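Just below is one structure, and these are the notes that go with it.
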Amino acid sequence: MAQRSLTAWFTLPGLREKAPPTPAEAASFDALLPKLGYLSKAEVKRVREAYKFADEAHLGQKRATGEPYITHPIAVAGICAEWRLDAQALMAALMHDVVEDCGVSKVELIEKFDATTADLVDGLTKLDKLQFSTKEESQAESFRKMLLAMARDLRVILIKLADRLHNMRTMGAMAPHKARRIARETFDIYAPIAHRLGLNQTFRELEDLSFQYFHPWRYAALSKAVAKARGNRRDLVSRIEGEIRAAYAKASLRVEVQGREKTVYSIYKKMHEKGLMSFAQVSDIFGFRILTEEPLQCYTALGVLHQLYKPQAGRFKDYIANPKDNGYQSLHTTLMGPLATPLEFQLRTEGMHQIAEQGVAAHWIYKSRGKQASALIAQQANARWLQSLIDIQDETRDANEFLEHVKIDLFPDSIYVFTPKSKIMALPKGATPVDFAYAIHSDVGDHCVAAQVNGEAVPLRAELKSGDIVEIVTAPGASPNPAWLSFVRTGRARSKIRHFLKDLEQEESRELGEKMLAQAMRVEGLGLPSLELDDAAAPIWHELATWAGAASTEQLLMDIGAGRKIAAIIAKKLARLMAEQGQKPDALALTLGRFTEAPISAASITIDGSEGASVQLASCCRPIPGDEVRGYLGRGEGLVVHTCDCQVGKRLYLRDSEHWIRVEWAEELTRSFEAGITLLLANGKGVLAQVAQAVAQAEADITHIAMGDDAPLSDAAETAEMNLLIAVRDRLHLADVLRVLRRAPAVQRVSRAKAHA
């Protein structure tokens, strides 16, 4: 293997050695032609046709720098050509702005070029023509479209990254506030995507350029310090280079030695993380890369280095045996060099190096060289994440929520854990057994009840560590817990849990809506028509849903259950539709159905505690069985039940009486209910124990304790107020609890908590 000199070892990615082309040269196809040597003549001809089309479409348009706009698409296509992308991708890169900026339609692109190229351009097009309520929603929807297009065809995101990279390189002419906004967006979204896909060279440059624009003074100061240090340490670097080469020559090991320099932003991040106040305190801004021919030689080369310099404990990582999620493979080690200087080394093969720098783009680079099999490593490593984008989209229609899930997965610092059958799985740092369960399969996650790590039971929120052997215990009747959302780390787990809870809530709302509509129809003297799709009543339901502005009958029932539509109004319309088909109300049912108190809606609901999220007991008055109650159909909140003497409920009733409905308690109840009580206690030892003992004696449970005014019991106060939430069966049970509490020596006064207006 040929040895390379380290004379340019400090060159940063993206630094141009040749003078920049003139505007006329940059706007010409000749600026791109030298990079297209890997394409056939027919493919070059097609790319030239795309250039002509884009040039005509952008005629007269200028960039902020004053250059013809076409210089930007040419530069983007040039970056894609460096990645050896195919002709269709280069054509899409040249025309990536013609739909958005020039009014060209997708149909026109299909007719003039081909459907695949048109799809690539469409995936790159923002959604400015649609109306969104906020700029953030528009941006989130644009990212959602782009990422889903990426999941179908990776070339979309590669072109988009090339587009963003060139924009960042030429952002000097832009207004500072706009440059900062674009830099922040790049840093938060595009740089992590580049990292996630293994395009580390692009990632480093995007990160560095973003830092330059949102912290220009810090960037300038650190750049100056790095340049100065580069000159001061040149002799030391030459000495280390000589020692390394001599050691490998002595071991008869053919390697390539490369120097590398940390980017300005990575130096800043290290200073920030370690609390360093001065650049002089940063000792490891330089490092070396050792390239070998075979993977086994990486380990041999590592042994040579460890014989030459002393390794630092805990600073070795083997990413060859355990590749990162994005396909990255290398050995990392930190050694103490001459003058006690820490030296970072990366050891990898040439193939690993190509994938480490270009990630998924290495697929096309290798393909053009006839080594396609070697190039699939990064592509396969990202396949699961790309598929997860589709899974998350299927469960998350909201663009902001989709972007939130994706952001979670854009930071791939991984741990490596094992299944009981020794299959290795990569998860983000901080992942829990629930993340592990969903990574195996959705059904495993949904029915997870417990976990064992290394043979010992652990909580489901426990953080996993590399090397852990994880076993998930499932139960057929188990379901996701909303509390899991507070600790899961993967977007897949989060979206699956939210999807399950949303489906559950919708099902409960649908059942409640059907129940409410059936009761409202009894007031009209009619029964509810069959909901079977193939039944004769299907046309009536379709017409009713259309009249109500619902997408389907199911959606209409969910809207009624969630309080977005009033059952009595829907029932009157349904009764008219049934009358048109000759169905008349039953006289007896009509008389009984209308025997009610006005103006509360004649429909009523019977609750037994099993209704779930669609029926809520108001926290202001905490109704329990035996209380006289009524329900408020809030807009999108479902049914909220208040006691009739609740001051908050009375105020709502005066303001919005039409949204109230009769509520009754069922004879058979399925659970206990929380009631609030307030106690005035004589301060002293054992007060809490007395209260707890009294509640237990009355066969009730304390679910929450709080001191009045958020103050703890103290020796200085003679009395203290305590607020309890206790679980009781009904009003009679609550009366028993209050009676027992009054007999406790420390209790001076006890009463049920009341809501205030």
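The values are calculated or read from the model by the stated rules, or taken from the named source; none is laboratory data. These figures come from a predicted structure and were not determined experimentally. So basically every Cβ, Gly included, is an ideal-geometry build from the backbone, and we count neighbours across all protein chains shown.
Screening Lys270 with (1) out of contact with any helix residue (DSSP H, G or I) (no Cβ under 6 Å at 6 or more places or on another chain); (2) among the charged types (D, E, K, R); (3) part of a helix (DSSP H, G or I); (4) at pLDDT 80 or above gives one miss only, at (4). Residue-level check: of (1) of a type in the set (Phe, Trp, Tyr); (2) buried (at least 21 other Cβ atoms within 10 Å of the Cβ); (3) modelled with pLDDT under 75, Tyr632 misses just (3). Could you tell me whether Ala537 is modelled with pLDDT under 80 and assigned by TED's automatic domain parsing to the domain that holds Gly561? Against the criterion (modelled with pLDDT under 80 and assigned by TED's automatic domain parsing to the domain that holds Gly561), Ala537 qualifies. Every condition in (1) in contact (Cβ under 8 Å) with a residue 40 or more places away in the chain; (2) hydrophobic (A, V, I, L, M, F, W, C); (3) surrounded by fewer than 17 Cβ atoms within 10 Å (Cβ to Cβ) holds for Ile193 except the one numbered (3).
For the range 736-757, residues that are part of a strand (DSSP E or B) and within 15 Å of Gln690 (Cβ to Cβ) total 4. Counting the residues of the range 205-228 that are hydrophobic (A, V, I, L, M, F, W, C), over 19 Å from Pro176 (Cα atoms) and touching a residue at least 40 places away in the same chain (Cβ under 8 Å) gives 3.
On the stretch given as the range 698-735, residues that are at pLDDT 90 or above, part of a helix (DSSP H, G or I) and surrounded by 13 or more Cβ atoms within 10 Å (Cβ to Cβ) total 4.
Residues in the range 229-250: is at least one surrounded by 14 or more Cβ atoms within 10 Å (Cβ to Cβ) and closer than 30 Å to Arg180 by Cβ? Within the range 229-250, one or more residues are surrounded by 14 or more Cβ atoms within 10 Å (Cβ to Cβ) and closer than 30 Å to Arg180 by Cβ. The residues of the range 516-543 that are in contact (Cβ under 8 Å) with a residue 24 or more places away in the chain, buried (at least 20 other Cβ atoms within 10 Å of the Cβ) and part of a helix (DSSP H, G or I), listed by number, are Met516, Leu517, Gln519, Ala520, Met521, Arg522, Val523.
Scanning the range 20-36 for residues that are hydrophobic (A, V, I, L, M, F, W, C) and not in a helix (DSSP H, G or I), we see that the one that is modelled with the highest pLDDT is Leu32. Return a yes/no flag: does the range 288-298 have any residue that is surrounded by 18 or more Cβ atoms within 10 Å (Cβ to Cβ), charged (D, E, K, R) and either in a loop (DSSP other than H, G, I, E, B) or at pLDDT below 85 (or both). So far as the range 288-298 goes, no, none of its residues is surrounded by 18 or more Cβ atoms within 10 Å (Cβ to Cβ), charged (D, E, K, R) and either in a loop (DSSP other than H, G, I, E, B) or at pLDDT below 85 (or both). Scanning the range 206-217 for any residue that is in the same structural domain as Ala162 (by TED's automatic domain parsing) and surrounded by fewer than 16 Cβ atoms within 10 Å (Cβ to Cβ) turns up at least one such residue.
The criterion of being buried (at least 16 other Cβ atoms within 10 Å of the Cβ), modelled with pLDDT of 75 or more and in contact with a Phe, Trp or Tyr (Cβ under 7 Å, 6 or more places away or on another chain) holds for Val470. Checking each residue in the range 479-518 for being within 24 Å of Lys421 (Cα to Cα) and among the aliphatic types (A, V, I, L, M) picks out Val488, Ala493.
Taking helices (runs of 4 or more DSSP H) that do not extend beyond the range 66-184, which have at least 3 residues that are in the same structural domain as Ala54 (by TED's automatic domain parsing) and at pLDDT 90 or above?
71-82, 87-94, 155-169
Taken over the range 473-496, the criterion of being in contact (Cβ under 8 Å) with a residue 40 or more places away in the chain and in a helix (DSSP H, G or I) is satisfied by Trp484, Gly491, Arg492, Ala493, Arg494, Ser495, Lys496.
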